[in-house]
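What follows is one structure encoded as structure tokens, with my remarks underneath.
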Amino acid sequence: MDKSGVFVGGAIGAAMTLFIVAVLFIAPPESLKPDISNTNPDIVAEATPLFSKSLSLIEIFEKSEPGVVRVNVQRGESEDITGGIGSGFVFDKKGHIITNAHVIKDANKVVVTFLDGRSYNADIIGTDTYTDIAVIKVNADLSFLHPLSIGDSSNLKVGEQIAAIGNPFGLSGSMTAGIISQLGRLLPTESNYQIPDVIQTDAAINPGNSGGPLLNMRGEIVGINTAIQSGTGEFAGVGFSIPSQTVAKIVPTLIEKGEYKHPWIGISGRDIDPDMASALNLKDAIGFLVITVVEDSPAFQAGLIGSEKTIEVDGVNYPVGGDVILAVDGKEVRKIDDILVHLQRAKSVGDEMVLEILRDGRTTNITITLDGRPNGN
């Protein structure tokens, strides 16, 4: 019998398909828009003109390879216990390296190996499990630090060519190429939250690629390779990358504070489908129905109302009576993805967010002051 679930070093949840985190702990062998650039002079994340010349795959590899590293992790109490192999890339001249949070999870020791084979012990600076991003740091000679430019993932288009560089199966400095096959995916994680706005690609991503860069044809990082969807544990045509917009937002805070506080609303519910729209007497099957409002959450404080009863239509019970979210800050909400992407891209803890809701057949606006996600959720 087939087994399915979300795997981050172990199985959780249930799904029709199998999501495998690309590091899989294999035994180690012997931007386009100016505001995406970081103002820190130590971070070489230069903006690139929108219509700059595309590079060949050979040029992209030669330009980027010096900035891609192998990340070896030791877990356990003794030196004999092996861990796993992942990938990473140089973020700045101070020695900060970006990788995935799941790559270094529970690590006793992290070793970074550069292109020429030189290795350095790395310190863990900060991790964010909600976006699977981690920052580690090495005290390496400046001559080995070749920061890669951060591009703007918001300009990506489905069908656009991209390339991935990493260490699949421990094979250092391997490159694959493909296209952007979809944008704005939700990626399940080991927490109760999903990573929004994720890039889907058909570039081959295998165990050991986790934490490596996804590059556009100008040689800019547009994502961090994170997971694959597979029934075997190996690449089957669908890979996922955390977008560079998320990297640009999260990483500076991880470097400064070691953690990132994500904004939180405090609701659960379901997307409006045609049958539910009919049950609620809605004209269109768009929006998000609030079913539960967490006590003392930002949504609770703002007065959002959840569903308290159900009605039966054709033998199916549908929740009714809750607020239907139609827009956030003036942007239409078709489903929960739109709310999550807006939170990720545009909002921080302490910000206000205006919800347009449908309540008792009338539309109104409610302003929410966003709080940080509670620990343990």
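The values are calculated or read from the model by the stated rules, or taken from the named source; none is laboratory data. This structure is a prediction, so every number in the text was calculated from the model and none was measured. FYI the Cβ positions are ideal-geometry reconstructions off the backbone, even for glycines, and counts take in every protein chain you see.
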Discussion item. Could you check the stretch 268-290 and list, in sequence order, the residues that are at pLDDT below 95 and among the β-branched types (V, I, T)?
Written reply: I272, I286
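For (1) touching a Lys or Arg at 6+ places or on another chain (Cβ under 6 Å); (2) surrounded by 15 or more Cβ atoms within 10 Å (Cβ to Cβ); (3) in a strand (DSSP E or B); (4) at pLDDT 95 or above, each residue gets a yes or a no:
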position: F300; (1), (2), (3), (4): no, yes, no, yes
position: E312; (1), (2), (3), (4): no, no, yes, no
position: P319; (1), (2), (3), (4): no, yes, yes, no
position: G322; (1), (2), (3), (4): no, yes, no, no
position: L326; (1), (2), (3), (4): no, yes, yes, yes
position: V341; (1), (2), (3), (4): no, yes, no, no
position: T364; (1), (2), (3), (4): no, no, yes, yes
Item to complete: Within the stretch 328-339, track down each residue that is part of a loop (DSSP other than H, G, I, E, B) and closer than 13 Å to I368 by Cα.
Response: D329
Fill in: Test set (1) within 22 Å of the chain's Cα centre (by Cα); (2) more than 15 Å from S268 (Cβ to Cβ) - I339 fails condition number
(2)
Worksheet item: Which condition number in (1) crowded, with 21+ Cβ neighbours inside 10 Å; (2) at pLDDT 95 or above; (3) not in a strand (DSSP E or B) is the one that H102 fails?
Response: (2)
Discussion item. Suppose the filter is at negative phi and either outside the structural domain of I136 (by TED's automatic domain parsing) or out of contact with any strand residue (DSSP E or B) (no Cβ under 9 Å at 6 or more places or on another chain) (or both); does A204 pass it?
Written reply: no
Discussion item. I'd like to know if the stretch 166-174 contains one or more residues that are among the hydroxyl-bearing types (S, T, Y), under 22 Å from I58 (Cα atoms), in the same structural domain as A227 (by TED's automatic domain parsing) and touching a strand residue (DSSP E or B) at 6+ places or on another chain (Cβ under 9 Å).
Written reply: yes
Worksheet, complete the sentence: Selection from the stretch 184-226 of residues over 10 Å from the mean Cα position of the chain (by Cα), closer than 15 Å to Y130 by Cα and hydroxyl-bearing (S, T, Y) yields S191, Y193
Worksheet item: Can you tell which of E332, E308, E356, E352 is out of contact with any strand residue (DSSP E or B) (no Cβ under 8 Å at 6 or more places or on another chain), acidic (D, E) and not assigned by TED's automatic domain parsing to the domain that holds P243?
Response: E308
